[in-house]
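Structure record follows, encoded as C-alpha cells.
The values are calculated or read from the model by the stated rules, or taken from the named source; none is laboratory data. Quick caveat: nothing in here was measured; it's all calculated off a predicted structure. Cβ atoms come from the backbone with ideal geometry, glycine included; neighbour counts cover every protein chain shown. For the accessible areas, the whole protein counts, side chains as well, though only heavy atoms, and no ligand, DNA or RNA atoms are used. Shrake-Rupley method; radii C 1.70, N 1.55, O 1.52, S 1.80 Å.
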Amino acid sequence: PRLTKNKIQTCIKIIIIDKYIIDDKEFDIPQVDTPPTLESILNEPEDEDEPFILEDTCILNTENIDAHSCETSSLASSDSGDPVETNATVHGSVLRRNVLKGISAQMVSAADKVDAGLPTAITVSNVIAVGTSHGLALVFDQNQALRLCLGTTVTGAEYGAVSALSINHDCTRLLCGFAKGQITMWDLANGKLLRTMTDAHPPGTAILHVKFTDHPALAVCNDSGGSVFELSFRRVMGMRTCESRCLFSGSKGEVYCVEPLHAGPELKDHPITHYSLLAMASLTKILLIGLKPSLKVWMTFPYGKTDPASVPLLAWQFVAAQKTINPVLAFCRGNTIHFLLVKKDESGTIHVIKQRQLQLNCDFISLSWINPRTLVLMDSTEKLRVVDRPSQEELETVDMAELQLVYNSSHFKSLATGGNVSQALALVGEKTCYQSVCSYAGQIMYLGTKSVHIMTLRNWRERVDHLLKQEKFMEALSLSWSFHEGTAKAVLSLFADPAKRKGVVAEKMVEILLQYVDRSLKKCPEQGKIQVMEQHFQDMVPIMVDYCLLLQRTDLLFNQIYPRLVENSVARGVFLESLEPYILSERIGCLTAPVMRDLLSYFQENGMMDSVEGCLVHMDITNLDIQQVVQMCWDNQLYDAMIYVFNSGMNDYISPMEKLFQAIGPPLREGKPLTDEHVVMGNKLLVYISCCLAGRAYPLGDIPEDLVPQVKNQVFEFLIRLHSVEAAQEEEVYPYIRTLLHFDTREFLNVLALTFEDFKNDKQALEYQQRIVDILLKVMVDNSDFTPSQVGCLFTFLVLEFLCSPDDDSRHTERQQVLLELLQVGGVVQFDEGHLLDLAEKAEFYQICEFMYDRKHLYDKIVDCYLKDPLRKEELFNYIHNILSMPGYSSEEKQLVWVKALQHIKVSQKRLHMLCPLEHTPGREKITEKHKLHEATAYLLEKKGDVQGAFEVLLQETGDEVPSLLQRVEEALHDIIALCQRSSHGLNQQQREVCVCVCVCARAVRSTWDPVYGKGKLAEIQGLILGMLETFNYEQTLLETTTNLLNSDLHWSLSHLRKAVSRGLHPRQDHCNICLQQYKRRQESEEEIIIFSCGHLYHCQCLQRKEVGVLSERQYSWSCYKCTSNQGSRPADRRSTESSRSHSASLAQVSQAVTIHNQCAQPNMKILAYFIHLNMLQKNRLVCVRDHNVLKCYRTSSTKSISHFDYFLFLAAFDPF
C-alpha cells in the first residue's frame, strides 16, 4: 500500500544543490543557462515552515534528534544536526551537516506502520528514493513529502531486499535491484511498474550495482558473481524489452564497483560524453571502457599491493584545467587516491593521463566529490575527511558515528541466495557502503538506519559566522583574512575578482573587529587584580591593531576602536602601550592628534620617556605643538627626539646645534669638568654634525635629496662663525670649533676627516675644507689652551688627509718622502696605524708601507711593496738576499720571506729561468726572447757587454707598446735612460749621440706628462716637441682631406662609367646576321652565340669565317661584322687596329660582346646580363659561357675564371621575344 499525506502532519523542504558553481573568469568558461542552485534556496526565510511532530516518538531514537527539530526541519536551518566535531584549524567548519528529519521520521514510521523494513539503499536526483529491506522503494519530493511507495511486501518477500537504486538523468525512471537478482523499472511520474528483468544476469547472484548512463536507453548492472552487464531498453510493437550483454565476466576477475560518467545539462555536448564511459574496479585493477559507439577498452590501471579487505572506490567529476573542462576519475583502495584525467585532443584522439596521487593515513570506505577541488572521504572509523585536492591539505574531520551508517555486507555475501560468493568478495563486503552514500550537484547524502544526513559546503560567510557563534574571534579573523588574500580552500559564493573579493571580505572583517572590541569590554573582569585585567586586554588589543593595519584601516583603529576602549582606563593604557612596537617597526607612521596627545601624556605620566623618544623619531609630528614637544624633550633630556622634531617638523638643522652648544660651551670655557649629561650631549652633537655633513638624517633615515646641499652649507657656515648669536665681549673667535676641539679633539678631527673624504669633487665643500683647516691652525697652534697631544692630533690629521691623498698626483715622491721623514723622527705619534696603512696603500706610498711593516716585523709583506713600487722593483732580490743572509732575523721571519718569494715566482713559470745562475744558463737570451721578457733580455745583453743590443731591445719595446700602454712606455723610457747613464762610458761617439738623442726625447716626453719639469730649458724642449706634434697633426689632417677628395672624385667617375657599361644586351633579331639562320639550328649541336652592344647576333663559327676576330693572349677579341662593314673597311685591315687599340678608351665607346652557350638560349627567351666591375675600365669586352648549368664570366685577355669577388652578375631572363 502507498503511504498518503494524512499519515504525515507536515512536510519539510529539502534543498538540492543543482551544481557546483565554477568561477567563469578563473577557468575561462562560457556562460550557460542553468537551473536555480541550492545556494539561493538556502538563504530563503523559513518562517512559514510548520513544526514537525512525530506520529510515534517511541519508534525514533530521540537522542539522535536535534533539540531544534520541533521548531524547524528545513535543510536550510543551520546545523540542525548534532554538534559537529571539527578540526581546530584556520579553515573553520567547511561542511554544513543537516538531518533530513522529514524523510528520517517517515522511514521509521513506514517500518512500523506498513512493515517496510529497514533502509538499505538511497539515490538522489530531483527526488530522493530510499530502498528498504522488505523490497519497497520510498520516493520523496523536494519538500520531503512521500510521493510514491513502489512495490509491495509480497514482492519483497519474493525478490528480497532492495540492494541498489538508480534514477535516470531526466528523473523519469527508477531502477531497483534486489538481493535475489531481479531488476525492476518504475515510472516516477505515476508509480507504474514498466519492466521486470529476471534474466539479465546469471541467476543466484545478488545485484550489487545498477546504474543508468547518460544514454536514455542504456544502463549497467553488477552482480555478486563479479560480472558486469549492459542493459539496453527498447520498445518493440508496444512491448517493452531489455537486452542484456556481458561486458565483463566474473570468471576473469570479480568487479566490485562500477561508475558511469554522468554530465550535467551544461556539459551534455562535451565530446567525451558521446562515448558513454564506464569505470569498473576489481580487486587488482581499474578498467575504463567506452560503451558507445562500440565497446572499447581505453585503459587498465593496476592498484599494486593493498589490503585484501580494502574497498575499491570510484568517483567521476568534471574539472576545469588549462581553460578546458574534462572529466577526472578518482579511485582508491586503501589509503591512496589516484586521479586519471580523460581528454580528447584536436585530432580526436582520446588520452587518459595519470595525475598526482593523494595519500592519507587511513583506510577509506567511501569517496565522493563535493566540487571540482574538494573531496569528501569516509574512513573505516566512520569519520568524514574533507580534502583539498590541489594542495592535498585536509580541511576538516567530521565524526559520523551517531549516523549508524547502513552497510551492504549482506548483499556482497549474497545471503539471500545462499551465500555463493568468493571469499575475497565476502571479505571486501564487510565494509562496503556503496548504496548508503550518494552525491548529487554539490551535496552528499548518507543513509543511516534511522535517519538521512546531508552534507554541503558552507559558503564563506557561514564559515565565518559559525566561528563567531562559538566566540572564536581570532579564528574568524584569521579565516576571513585567508578569504581576503585568496588563500582559503573550498571557498563558496565569493567573488573571483580580487578587488571585489577584498572589498566584501574587508567589510565583514570590520564588523568582526567591532564585535571583538565589544566582547573584550564585556568579558573584562570587573573585579580582581589589575594584572588580570591588563592581561585580558593584552591578549586582545594587539589582534585588533594587527588586522586594522593589514586592512590598512588606521581610521578604524583610531576613530572607532580607540574611542570604545577609552571607556576602560586599563584598556586605554594597554592600547597606548601596544602602539609602541608598531611605531618603532614603522608599521604605524602617523597618529591622529587626540591619540598622539594621549600617547605622549600617558608615557610622560608613567615615566616612560625613553618610549616617548623612540616613538617620536619614527612618526610624522607635523600635527603636534612643536614648541611644547621641544620643551618636553629638552626638559627630559630627549635630545634625539628634540633634534628630530626640529629637523622633520620645521626643516631646521641649526637650532638643535645652538641649543647643545649653549649647554656644553660654558663649562668647557671655564675649564670645569663635564658631567655625564654634558658628555652625552657632546657626543650626540658630534654624531649629529657628522650625519648632516654626510647627508643622513639624525638619528635615522636620510635627509631629502633637495635639502642635502643646503644643509651642508648651513652646517659649515655655522661651524666657522666668528662669534655666536648672543656672544659676550670676552668671547673668543670661532667659538663652535673651539668648543668641539676642547670637548674631544680627536673625535672632532675624525668627523672632519670622514667628511672630507666624501667631498673630493665638491668645489664648495673644498673651499669650506680649506677654510676649516686655516681656522684649526689659527685656533690651536698659537694657543696655550691646547695640550701638545691635542696639537699632535691636529698635525696627524693634516698629514694623513693631505700628504696621503690618493687623488693628488703631483709631487708624489716629495710627499712620500716628507711623510716618511715625519714617521722616522716620531713627529706623527697620534695616529691609527691601520688607517695610515690604508691611506698609504691608496696613495701608492710603498715606502711608508715598508716602514709600517718593518715596525711590525712583517717582512714578507715588504716583498709586495717592492714588487708594486716601479722605482725599487729591481732592488727586490737584494732585499731578499739581505733578509736571508744577514743576522738579526728569526728563522720564522726568513721562512715567511722565502715562501712569499717562491709564491711570486710560481705565479709565472716563465720567470723560473731567471733564477738560474748566469754562467750556468747557455742560451739564456733566447729563453727571455721566447717569453718576450724584454727587460730581462736587455739586462742579460748588458751583462754580456752588448749595450747596443740591450738598447735596441728596449727601444723596440717602446715602439711596440706606445699606442696601447703608456704606463709601460714610461717604464721602458726610464729603463733606457738608466741604461744610457750606466753604459755611456763604454760607447763610441756615434752610439753616444744616438743615446743622447733618445734621452732628450725621453726627457721631453716626461716633461709633457709631469708639470714639475715644465720650467726653464725643459719648457723650451717641451714647446719644440709640442710644435712638432701640432705640425704632424696638421699634415695628417691635410693628407686625410686630400685622400678623401681624390676618393670622392674617383667614385664619381667610376659611378658614371659603371652606368655606361651596365646596360643589358638585347638582340634585334632572333637569327644570325651573317648566315641569316636561327641562332639555334640544331638541338644536338653546341654552338656559341655572340651578342654585341649594337644588338647584332652572330654564330661564333660565322664570325670566325669572316675573320673579324683579333687573337690576343690566346683569346679572341670580336667586333661586329655588320657595323664594321658599314664603316667601309675590311676585317683583315682592322686586325692591327683592334690589337693596338688603347685599353683606356671610354667604356661607352667600346663595343661589348656576350657569348652565350646555345643550350642556354631557348626559343622565345632573352637574356639580360649585367656585369659590373672596376677592371672594365681597361677591358673592352667580356665573355660569358655556360658550363654545367653554371654561367661563368671570362676576361678576354685570360682563360682564367673570374672570381666572384671581382664581378657581380645579375641575370634577368624571363621576357619572351
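Here the label points at Glu586 and Met886, each 7 Å from Cα along the C-beta direction, are separated by 5.8 nm in the simple model. Surface calculation, 1.4 Å probe, protein heavy atoms: Glu471 sits at approximately 80 Å² accessible. Annotated for the stretch 295-429: lysine pairs at least 8 residues apart or interchain, Cα distance under 21 Å, count 9.
Taking a ≥ b ≥ c as the square roots of the eigenvalues of the Cα gyration tensor of the stretch 493-536, is the shape rounded (a/c under 1.5), prolate (a/b larger than b/c) or oblate? Don't jump to the answer; show the numbers that get you there.
Working: a/c = 6.16, a/b = 4.27, b/c = 1.44.
Verdict is prolate for the stretch 493-536.
In nm, to one decimal, how far is the Ser244 label point from the Lys469 one, both placed 7 Å along Cα→Cβ? With each label placed 7 Å out from Cα toward Cβ, I get 5.0 nm. Only protein heavy atoms count here; on that basis, with a 1.4 Å probe, Phe233 has an accessible area of about 20 Å².
Determine the order of Asp199, Asp774 by accessible area, beginning with the largest, at a probe radius of 1.4 Å.
Output order, biggest surface exposure first: Asp199, Asp774.
Mind running the shape call on the stretch 374-414? Use the C-alpha gyration tensor, a ≥ b ≥ c as the square roots of the eigenvalues: rounded below 1.5 for a/c, prolate if a/b tops b/c, oblate otherwise. Because a/c hits 1.5 or more and a/b fails to exceed b/c, the stretch 374-414 counts as oblate.
On full extension, the segment bounded by Thr153 and Asn1044 gains 308.9 nm, given 0.36 nm per residue less the C-alpha separation.
Using the heavy atoms of the protein chains alone and a 1.4 angstrom probe, what is the accessible area of the stretch 248-326 per residue in square angstrom? Can you show the working numbers first?
Values: 3570 Å² over 79 residues.
That works out to 45 Å² per residue.
Summarising the amide proton neighbourhood of Leu395: residues at separation of 5 or more, or on other chains, whose placed amide H is nearer than 5 Å comprise Val386, Val387, Asp388.
If a spin label sat at a point 7 angstrom from the Cα of Asp518 along the line to its beta carbon, the backbone N atoms of the stretch 547-572 nearer than 18 Å would be those of 556-557, 559-568.
Net charge dipole, the stretch 226-277: roughly 300 debye, given to the nearest 20, about the Cα centre with Cβ charges of +1 for Lys and Arg and -1 for Asp and Glu. If you plug the beta carbon distance of His1056 and Leu1076 into 1/(1 + (r/R0)^6) with R0 = 45 Å, you get a FRET efficiency near 0.75. Between Glu833 and Ala401, the C-beta separation translates, for a Förster distance of 56 Å, into a calculated FRET efficiency of about 0.10.
Computed in the context of the full set of protein chains, the accessible area of the stretch 510-629 at 1.4 Å probe radius has 46% of its extent on carbon or sulfur. Counted residue by residue at 0.36 nm each, then reduced by the alpha carbon distance between them, the extension gain from Asn1126 to Lys1106 reaches 5.8 nm. For Lys431, the accessible area of its heavy atoms, probed at 1.4 Å with every protein chain present, is near 50 square angstrom.
Taking amide H as placed 1.01 Å from N in the peptide plane, Leu118 has its amide H under 5 Å from the amide H of Ser133, His134, each at least 5 places away in sequence or on another chain. With θ taken as phi - 60° and the Karplus curve 6.51 cos²θ - 1.76 cosθ + 1.60 applied, the whole-hertz 3J(HN,Hα) list for the stretch 286-303 is 10, 10, 10, 10, x, 7, 10, x, 9, 5, 8, 8, 8, 6, 10, 9, x, 6 Hz, x standing for glycine and proline. Applying 1/(1 + (r/R0)^6) with R0 = 60 Å to the Cβ-Cβ distance of Asn636 and Ser493, what FRET efficiency is obtained, to the nearest 0.05? Calculated transfer efficiency: 0.60. For the listed peptides 383-395, 137-149, a ranking on the average number of other beta carbons within 10 Å per residue, highest first, reads 137-149, 383-395. Ordered by solvent-accessible area of protein heavy atoms (1.4 Å probe), largest first, the residues Leu360, Leu700 come out as Leu700, Leu360. Among the protein heavy atoms of the stretch 160-306, carbon and sulfur supply 53% of the accessible surface, probe 1.4 Å, non-protein parts ignored. Taking a ≥ b ≥ c as the square roots of the eigenvalues of the Cα gyration tensor, the stretch 183-323 is classed as oblate, since a/c reaches at least 1.5 and a/b does not exceed b/c. The count of lysine pairs in the stretch 624-781 with alpha-carbon distances below 28 Å, taking only pairs 8 or more places apart or on different chains, stands at 14.
Simple spin-label estimate for Glu346 and Asp112 gives 6.7 nm between the two label positions (7 Å along the Cα-to-Cβ direction from each Cα). Distance from the Cα centroid of the stretch 444-498 to that of the stretch 345-419 is 21 Å (rounded to whole angstrom).
Over the alpha-carbon set of the stretch 334-456, divide Rg by the Kirkwood Rh and report the Rg/Rh ratio to two decimals. Mind showing how you got there, number by number?
Values: Rg = 16.9 Å, Rh = 16.3 Å.
Ratio of gyration radius to Kirkwood radius: 1.04.
Starting from 0 in steps of 10 Å, tell me what percent of the Cα-Cα pairs of the stretch 703-748 lands in each bin. Over the stretch 703-748, the share of Cα pairs per 10 Å bin runs 25, 40, 28, 7, 0 percent.
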